């Protein structure tokens with residue numbers, strides 16, 4: 001399996017796994033943005049992971065905008081990041097950035 005295929009596999013896993021957790025939350029809490037944000041910071045461990053993810057996402061966005069000439073346009077990957085998560089958006093971006101092997 002080549003690196004481009006590995007990125008695609010991780011992008012798919014990075015979409016499926018978080019969606020499963022988000023769907024479970026939506027079933028329990030409904031579509032409640034306030035409850036979702038409160039759950040992100042419910043304790044120190046969750047807050048630490050959430051802060052780490054938010055900072056990493058912003059760094060990823062800055063990277064994409066600073067390297068537009070060498071990669072795909074960032075808007076679709078920002079949407080993936082916001083709607084699914086960094087675990088999908090980052091490998092999807094790396095997959096799209098790599099040229100297909102001949």
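What the table shows:
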item: Residue among 50, 69, 87 with the largest mean-square fluctuation in a Gaussian network model of the chain, springs linking Cα atoms under 10 Å; result: 69
item: Degrees separating the helix 44-66 axis from the principal Cα axis of the chain, which is the longest one; result: 30 degrees
item: Projected label distance in nm at residue 36 and residue 16, using a 7 Å step from Cα toward the beta-carbon; result: 2.3 nm
item: Scaled radius of gyration (Cα, divided by 2.2 N^0.38 Å) that the chain gives; result: 1.20
item: Relative contact order, percent, segment 3-97 [alpha-carbon distance under 8 Å, six or more residues apart]; result: 46 percent
item: Estimated inter-spin distance, residue 59 and residue 99, nm [label 7 Å along Cα→Cβ]; result: 2.9 nm
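None of the figures in this text is laboratory data; all of them are computed from the coordinates on show. Since the structure is predicted, the reported quantities are computational estimates derived from the model, not experimental observations. Because the Cβ atoms are built from the backbone with ideal geometry, glycine has one as well, and the counts that use them run over all protein chains shown.
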